Structures are given as C-alpha cells and as structure tokens.
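A quick write-up on the structure given underneath.
Here, each number is a calculation from the coordinates, and none is a lab measurement. Quick caveat, the model's predicted, so the values are computed rather than measured. Cβ atoms come from the backbone with ideal geometry, glycine included; neighbour counts cover every protein chain shown.
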Amino acid sequence: MLNRPRILVVEDESGIADTIQYVLATDGFAPVLCATAEQALREFEAQPPALAILDVGLPDLNGFELFKRLQALPGGAHVPMLFLTARSDEIDRVVGLELGADDYIAKPFSPRELVARVRVILRRSGRPPAPPTPAAASAPPKPFALDEERRQIRYYGRALDLSRYEYGILRLLVLKPGRVYTRDELLNKVWDDDSASFDRTVDAHIKTLRAKLKAVAPQLEPIRTLRGSGYALSEELPPAP
Ligand code: CA
C-alpha cells in the first residue's frame, strides 16, 4: 500500500461507489469511500487526498457546495477534483466553474474511463502516477493455476471441468513440474482405496485429462509420458498458449 495515491470518493450510491473503489484499487490507487459530504470533509481534513471524486447529488450537501468547502480546507486548493454528474444542467454548472476540461464525468460512465481520467489529471497536476499493481509487476503468468480450496485448476486462464481423479492427478503434477510420478505413486496418492484399481485406470484418466487440456491449447502436450516410468508435467510450456 506504500505510496498509493489516496483518492477520496464521495458517492452515496453504493453500487457506483463499490465499482469506483474496485477499479481504483486494482489500478494501484488507495480509494477512500464517503457516502456523505460530512464524512468527506472529515476525511479530507484528516489528510488531503491526491484527488477527490465528488458526486453532485449527495444527501447532505450538493457536490458544488462540498467542492467549495473542501477548497477552503488546508491544502484544499491544490487537490484536483472530479465531479460525477447525471444531468446536463449539472455539467453546465461544472463547466461554469472553469476548473478545466477534465473536471467532470457524466453518468453513466465506464469504470475504465474514470481511471484513465484520474491518471490524466494526476499527471497534469504533477503527482506521481500509481505504481504498477503487484499482479502486473510479478512474474509472467503460469500456464496452470491451482485453487485447492475450490478444487479447481485453470489452464491458460480457463477453468477445467475435471473429475475427482483427474483433478487429483493434475494437482500432483502441477505442484511439481518435471517430477516423474509412476502409475503406482499416482494410484497411492490420488485414489483412497486402490484395491479395485489397475494401472490402466491411471492411463484412462490421463487420457481424458489430456483431451481436456487439448481442448484449451490443441498444439501443446503438457503431460509427458516417460516410457516404463510414468508421467510428468512439462517444464517447457509457453506463458501463453
Ligand atoms: Ca448521488
């Protein structure tokens, strides 16, 4: 959370507020939600944000009045503010305030558009842009993503529809790419009761598993067969299919 630009979001409609909070947070900002002007004034006084997004239609004060009060607070004159407006007469008033061309967004707006606008305004006002999100900055995406809680495996972003044993086999392989598992090992680790199971049961599940993987990336063969020894997950899968 270090150095994330703090964005005050004053919006009483929780659906819109949640959306704005979500897109800002995923884009590397630190949004602070306020449902009333009173709350916004308190938050602003505690610490002026890098930017404030103000809904014009608030339950206690209208956005224009709030804007004036925020501007009068210490540091308030330097904080860029962006209005959210639903009506054209409100847009006229915003333009009349002569704050600049980027000072309002008309509802309904796209969340992406809002974030893009926030970035432009912060750049223009000389604020450092938000650091890249941890997800974007981390290692390249892996072909397989294992979600043990949901007992689900994603392959190049696609959730695989796996049977219990297919999941069990693939889970083992994904946890240690390159590690060779014999049929016996797979039987012991994946099947609770192997009395009724034979080698070819493993083979049959590997076969259906491969067909499901092929459906996502036809040109790749992620499960290697090692003759006489067993199966392993390929370590040479590309980051994208
Ligand atoms: Ca409103």
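What the table below lists for this structure:
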{"item": "Euclidean distance of C-alpha centroids, the range 155-179 and the range 24-80, integer Å", "result": "48"}
{"item": "Calculated [θ] (222 nm, deg cm²/dmol) that DSSP helices of n ≥ 4 give over the chain, each run adding -39,500 (n - 2.57)", "result": "-12500 deg cm²/dmol"}
{"item": "Selection from PRO80, TYR167, SER14 lying farthest towards where the dipole of the chain points positive, charges on Cβ", "result": "TYR167"}
{"item": "FRET efficiency estimate (nearest 0.05) - Cβ-Cβ, ALA116 to LEU146, R0 22 angstrom", "result": "0.05"}
{"item": "Potential extension, ASP161-GLU38 segment - 0.36 nm per residue separation minus Cα distance", "result": "39.3 nm"}
{"item": "Shape of the range 1-66, Cα gyration tensor, a/c cut at 1.5", "result": "oblate"}
{"item": "Sites ARG224 and ALA25 - FRET efficiency at Förster radius 45 Å, r taken between beta-carbons, to 0.05", "result": "0.65"}
{"item": "Point-charge dipole on Cβ atoms (K/R +1, D/E -1) for the chain, about Cα centre, debye to 20", "result": "1140"}
{"item": "Cβ-Cβ FRET estimate between GLU185 and ALA240, R0 fixed at 25 Å, reported to 0.05", "result": "0.20"}
